[in-house]
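> Here it is: the structure, laid out below.
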Amino acid sequence: MRQWLGRSSLFLGALSLSVVSVVVQAAGFDHVARLADKGFVISAQARLLDSGEVLGALNPSQPLSPASVTKLYTAAAALDRWGPQHRFTTRFVSTGTLDGNGVLHGDLVLEGGGDPALTSEELWRLIQKLRELGVSSVDGQLVISQWRFGPVTCQTSDRCKTQTEGTNAYASLLSSAAVNYGSWCATVMPGVVGQPARITSCDTVAPTLRIQNDVTTVAAGGSADLYAKRVTDSQGDTLKVSGQIPAGTYPRPIYKASSDPADQTGQTLLSLLRQAGVPVGGGYAVSRQAPPSIAKELAAVEGKPLQELLLRTLNYSNNFMADTLALDLTSGTQQNLPDAGRELERFATSLPGHGAAILRSGSGLTPENRVSAQSVNSLLGAMYGNASLFPTFVAGMQVPANGPMHFIRRGSQTFQDHVMLKTGTLNEPVTVRAVAGYFRTDSGRWGSFAVLVNGTASTPYLSWRETLPMVADDLTAMIERH
């Protein structure tokens, strides 16, 4: 692990002197503090990074759930471990032999390398490399090896439900050999008016899972109203799609988590091999065993560099990618989310000024995660002080004025133009609205902030429409005063 030296050390002394006086004060967070009157528990802190001066604080050492702000820890730990240019490798290996006619005698093994953004495109490139080697058919099985981790035991109700029914993509299950973010993708297109719509796969020429199509094509000018879910029975996954789509409208993609990511990879890869003219005689199987040490590499493909992975992980708050990256930090075989959480906790507590942390996942889906606003600021300060990693780290955050998530485009123009942030949202078992990141003052100075708002069983629903303007008003005042 890299040593956390540099600018982060400049403000630690000042911080220790100034935090005590603001622990119980709402100074600087007068608007956010109003949520306490409704029963919400708050931990907030903002400070300048060059001097350590605390601009505002409200119970800054109170550990609370950060929800998806957890992903900042995952991103920082991944950068610290591997650096921005690291790529994850997915390989074809085999103990078989290749004869003069291009037949591979034996099993073809896909060794999952834990790439959180492995897609059908990368699999297609891997197949082309196999063909360049001269492989034209396989007389054994296609084996999907998820020996590093998978199937990962579900830790939240969302993911446990996904094992039997997929109603979303955010709670995708996890495997080191997963493809397409652990989700099926289908495209719904209008057909002839009065007739069923057309549904195709986003990833292969022919759909690799069963599709129940109950979508009707209606006249142009009507509304598109689609409902979809993935169900699982003894025969595997089925995507059920119903509703209507108007003639002449653009295709609509649908994403639903699969019940078994490694099995999804097997189906997808077998179909792609067939389409590429490389039939596999024995079908496919999924394994939790590592390939034998005598297995030889036949082809390999590298994924996108970590700096690109983090852009997607943070910008879109991708739970699958974050938890896969956290699992990649572990060592050994058949690791689970608690193992990944312990790696994140070790990283967090190694940061200067960081207090205790409870991190049960890298995504923040686990409601047990606990950090304080003061600790989040320690993380942000450490990354700011690391000149080689900071540009990649901050690049993954959103600027409200032009970020991909439109719901953050609230508050003053000063807030929207001067702040780089990551949000966190949970609605069960209690409401969590969390936001953290950096800001630039009017005079060009850098600051960091964290606001963690947690509800209780008796607090009302809290929307971002209500929360974010309060944060924006408080930060705007800090930015404009400095």
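> Hey, any hits in segment 212-219 for a residue that's under 26 Å from T162 (Cα atoms), in contact with a helix residue (DSSP H, G or I) (Cβ under 7 Å, 6 or more places away or on another chain) and modelled with pLDDT of 95 or more?
No: zero hits.
> Let me ask something else about it. Using beta carbons and a limit of 7 Å, which pairs, at least six apart or on different chains, have the first residue in segment 386-399 and closer than 17 Å to W82 by Cβ and the second one surrounded by 21 or more Cβ atoms within 10 Å (Cβ to Cβ) and β-branched (V, I, T)?
Every condition considered, the pairs that remain are G396/T313.
> Still on this structure, I have one more. Sort through T90, T70, T74 and tell me the only one that's in contact with a strand residue (DSSP E or B) (Cβ under 9 Å, 6 or more places away or on another chain) and assigned to a helix (DSSP H, G or I).
Matching residue, one of T90, T70, T74: T70.
> Let me ask something else about it. Among the residues of segment 104-120, is any over 30 Å from S388 (Cα atoms), in contact with a strand residue (DSSP E or B) (Cβ under 7 Å, 6 or more places away or on another chain), in a loop (DSSP other than H, G, I, E, B) and open to solvent by 10 Å² or more (accessible area, probe 1.4 Å)?
Looking for residues that are over 30 Å from S388 (Cα atoms), in contact with a strand residue (DSSP E or B) (Cβ under 7 Å, 6 or more places away or on another chain), in a loop (DSSP other than H, G, I, E, B) and open to solvent by 10 Å² or more (accessible area, probe 1.4 Å), one finds at least one in segment 104-120, hence yes.
> Look through segment 128-176, keep the residues that are under 28 Å from the mean Cα position of the chain (by Cα) and free of Cβ contacts under 8 Å to residues at least 40 places away in the same chain, and return whichever of them is least open to solvent (accessible area, probe 1.4 Å).
Among those residues, the one meeting the criterion is C154.
> Given the conditions (1) over 20 Å from G52 (Cα atoms); (2) over 23 Å from the mean Cα position of the chain (by Cα), report the number of the one that S443 does not fulfil.
Of the numbered conditions (1) over 20 Å from G52 (Cα atoms); (2) over 23 Å from the mean Cα position of the chain (by Cα), the odd one out for S443 is (1).
> Can you report the number of residues in segment 38-62 which are in a strand (DSSP E or B) and open to solvent by less than 40 Å² (accessible area, probe 1.4 Å)?
Of the residues in segment 38-62, 12 are in a strand (DSSP E or B) and open to solvent by less than 40 Å² (accessible area, probe 1.4 Å).
> Which members of segment 112-127 meet the condition of being of a type in the set (G, A, S) and either out of contact with any helix residue (DSSP H, G or I) (no Cβ under 8 Å at 6 or more places or on another chain) or without any contact (Cβ under 8 Å) to a residue 24 or more places away in the chain (or both)?
Residue satisfying the conditions is G113 alone.
> Would you point out which residue out of D80, D37 is over 25 Å from V205 (Cα atoms), at pLDDT below 95 and not hydroxyl-bearing (S, T, Y)?
Step by step, each of D80, D37 is checked, and only D37 is over 25 Å from V205 (Cα atoms), at pLDDT below 95 and not hydroxyl-bearing (S, T, Y).
> Moving on to the next point. Just one of the numbered conditions (1) assigned to a helix (DSSP H, G or I); (2) in contact with a strand residue (DSSP E or B) (Cβ under 9 Å, 6 or more places away or on another chain); (3) within 22 Å of S259 (Cα to Cα) is not true of G341; which one?
Every listed condition holds for G341 apart from (3).
The values are calculated or read from the model by the stated rules, or taken from the named source; none is laboratory data. All of these numbers come straight from a predicted model, not from anything done at the bench. Because the Cβ atoms are built from the backbone with ideal geometry, glycine has one as well, and the counts that use them run over all protein chains shown. For the accessible areas, the whole protein counts, side chains as well, though only heavy atoms, and no ligand, DNA or RNA atoms are used. Shrake-Rupley method; radii C 1.70, N 1.55, O 1.52, S 1.80 Å.
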